[in-house]
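Encoded as structure tokens, the structure appears first; notes follow it.
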Amino acid sequence: MAGIAKTNCIPMPERRQAGLCEVICRMNHSCKANAQYFWDDQKGLEVCYAIMDIPKGEEITVCYSEITSGRPLRHDVHIQHGFNCQCKACTTSSPEQLAQSDKNREELCEIIDETPTLLQTNGTIAIKRAKRSLELIKIEELFGLAPAQYYDGFQVAVAWGDQASAKA
Ligand SMILES: [Zn+2]
């Protein structure tokens, strides 16, 4: 019973709980997922939505691991879930491209972590880093992170009076 719960529950950090969702629990993992889920307080439901165009017939995937993690950390999470990830991000690139992808995700994670501090201390660098984060999201196809990064970038630009960047 505990094994079924462990492998089928999805985290609901917004509610500090985990839940068994009949449909979402059946979705497979990809490190370049095409869908994402979140708790919708107004609906009282866990909701899944596409984060990119999904061609008809293509499997809907979500990411089980921390999306900005490099392959070694993602691999550990995959092993905990009992599989060896064969997604596009883990298998279809050369070793050099995979290493670059790890660097990109690491840089993206750093930007996300440093944004609150930069917002307070250095608007020029904060805006530059926000734009870089959006480039990295496109390169890595981590579109689920885009809304929060656009929002953070907007906040930084407004706080530092950069109307052109805020508009962009
Ligand atoms: Zn993968």
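Scoring 100-110, 156-166, 26-36 by mean Cβ neighbours within 10 Å over their residues and listing the highest first yields 26-36, 100-110, 156-166. For the chain, the solvent-accessible area works out to 63 Å² per residue, with a probe of 1.4 Å and every protein chain left in place. With all protein chains present, how much of the accessible area of the range 95-167 (probe radius 1.4 Å) comes from carbon and sulfur, to the nearest whole percent? Ligands and nucleic acids excluded, carbon and sulfur reach 57 percent. Over the chain, DSSP H runs of length four or greater, each weighted -39,500 (n - 2.57), average out per residue to a 222 nm ellipticity of -16000 deg cm²/dmol. Sparsely packed loop sites in the range 1-103 (the GluC sites (Glu not before Pro) outside DSSP H, G, I, E and B with at most 13 other Cβ atoms within 10 Å) comprise GLU14, GLU22, GLU58, GLU59, GLU66.
With 30 Å as the limit on Cα-Cα distance, the pairs of LYS88/LYS131; LYS56/LYS128; LYS43/LYS131; LYS6/LYS32 that go past it are LYS56/LYS128; LYS43/LYS131. Distance from the C-alpha centroid of the range 109-128 to that of the range 1-58: 30 Å, rounded to the whole angstrom. Averaging the Cα positions of each part gives two centres, and for the range 76-92 and the range 148-168 these lie 35 Å apart. Proximity of backbone amide H atoms, modeled 1.01 Å from N, is registered between ALA18 and MET12 at under 5 Å, excluding neighbours fewer than 5 places apart on the same chain.
The values are calculated or read from the model by the stated rules, or taken from the named source; none is laboratory data. As the structure is a prediction and not an experimental result, all values here were calculated from the model. A quick note on method: Cβ atoms are made from the backbone with ideal geometry, for glycine too, and the neighbour counts reach across all protein chains shown. Note: areas computed on protein heavy atoms with side chains; ligands, DNA, RNA excluded. Shrake-Rupley method; radii C 1.70, N 1.55, O 1.52, S 1.80 Å.
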